[in-house]
Amino acid sequence: MKMRVKEINVKSALTYSESKRRYTLSPYVGCTNACVYCYASDYARRYREMNWKSEIIVKRNIAEVLRKDIIKKKPHHVFMSTMCDPYQPIEKEYKLTRRCLEVFLEFPLLEIEVMILTKSTLVLRDLDLFKKMRRISVGLSVTTDDDEIRKMFEPNASSIEERVEVLKVLKENGIRTCVFISPMLPMNPKKLASVLKPHVDCVFIDDMHYRWRVKDFYEKLGFSWALENEYFERTRKELLELFQ
């Protein structure tokens, strides 16, 4: 499926989340990782008619608008991103995420805490900027230990092995690292924890949201058991113990 790209200008860059008490920043809308469980479109009513797996909206002036928003809003905590993977392939061309990071570096006295979440190895491109930022955390979403399962659920994303290697490199370079085990896919928790634990500073674990979206997909693969609350609670407890 050919990706369609639409460039737009935006009037604001930072969106405040009351529930999370932080700002979010999304240089793009849409994501070509093609994760079958993605529910980002439910949070973006303006873009619900999009095909989120084959259409990308590029906010071409996002860095310039971010600069104005920082001056006006003086954010303490910014999360990248809720509406996209900030390091999906199109970032190689537009470099909007990198330009936004450069803007954050213009405001050292504000000590803005930036949290990045991605599934992509491209994040290592910006290691030079991370090293200059006083409060930066880089999170990798790692939802299973089994790359065959990853291919079923996240067909266009980097492999599990590649994501673990990214965490390793970031950690070795003094960057605070986090792993997001969210959503929790079928997995061997012992194997997952063993490869991740040496390379992460914090762990976030969450269940599958909007289960009705993926119910048929799970049933087709014979994974219905992995949507049960019992599986989540048992695996979550085991993971927390293993990461201690």
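Taking the criterion of being among the acidic types (Asp, Glu) and part of a loop (DSSP other than H, G, I, E, B), the residues of region 126-147 that qualify are Asp145, Asp146. From the list Arg163, Arg150, the lone residue that is among the charged types (D, E, K, R), closer than 15 Å to Ala34 by Cα and crowded, with 19+ Cβ neighbours inside 10 Å is Arg150. If a residue must be within 16 Å of Cys35 (Cβ to Cβ) and in contact with a strand residue (DSSP E or B) (Cβ under 9 Å, 6 or more places away or on another chain), how many such residues does region 184-240 contain? The total comes to 3. Every residue in region 225-241 that is surrounded by 13 or more Cβ atoms within 10 Å (Cβ to Cβ) and over 23 Å from the mean Cα position of the chain (by Cα), please. The answer is Tyr231, Glu238. Picking from residues in region 51-65 that are out of contact with any Leu (no Cβ under 7 Å at 6 or more places or on another chain) and assigned to a helix (DSSP H, G or I), the one that is surrounded by the fewest Cβ atoms within 10 Å (Cβ to Cβ) is Glu64.
Look at region 133-156: where a residue is within 19 Å of Leu196 (Cα to Cα) and a partner is assigned to a helix (DSSP H, G or I) and acidic (Asp, Glu), sitting 6+ places away or on another chain with Cβ atoms under 8 Å, you get Asp147/Glu161.
For region 207-234, a tally of residues being modelled with pLDDT of 95 or more and part of a loop (DSSP other than H, G, I, E, B) returns 3.
Among the residues making up region 97-114, those that are β-branched (Val, Ile, Thr) and under 19 Å from the mean Cα position of the chain (by Cα) are Thr97, Ile112, Val114.
Do you know which of the residues in region 14-31 that are outside any strand (DSSP E or B) and touching a residue at least 60 places away in the same chain (Cβ under 8 Å) is surrounded by the most Cβ atoms within 10 Å (Cβ to Cβ)? Checked region 14-31; the qualifying residue surrounded by the most Cβ atoms within 10 Å (Cβ to Cβ) is Pro27. Among the residues of region 72-111, those that are under 25 Å from Ala34 (Cβ atoms), crowded, with 20+ Cβ neighbours inside 10 Å and touching a Phe, Trp or Tyr at 6+ places or on another chain (Cβ under 9 Å) comprise Phe79, Ser81, Met83, Cys84, Asp85, Pro86, Gln88, Ile90, Glu91, Leu96, Thr97. Count of region 148-200 residues, restricted to those that are under 16 Å from the mean Cα position of the chain (by Cα), in a helix (DSSP H, G or I) and among the acidic types (Asp, Glu), is 1.
The number of residues in region 69-124 that are free of Cβ contacts under 8 Å to residues at least 24 places away in the same chain, in a helix (DSSP H, G or I) and not aliphatic (A, V, I, L, M) comes to 2.
The values are calculated or read from the model by the stated rules, or taken from the named source; none is laboratory data. These numbers come from a predicted model, not from an experiment. Note that we place each Cβ from the backbone using ideal geometry, even for glycine, and neighbour counts take in every protein chain shown.
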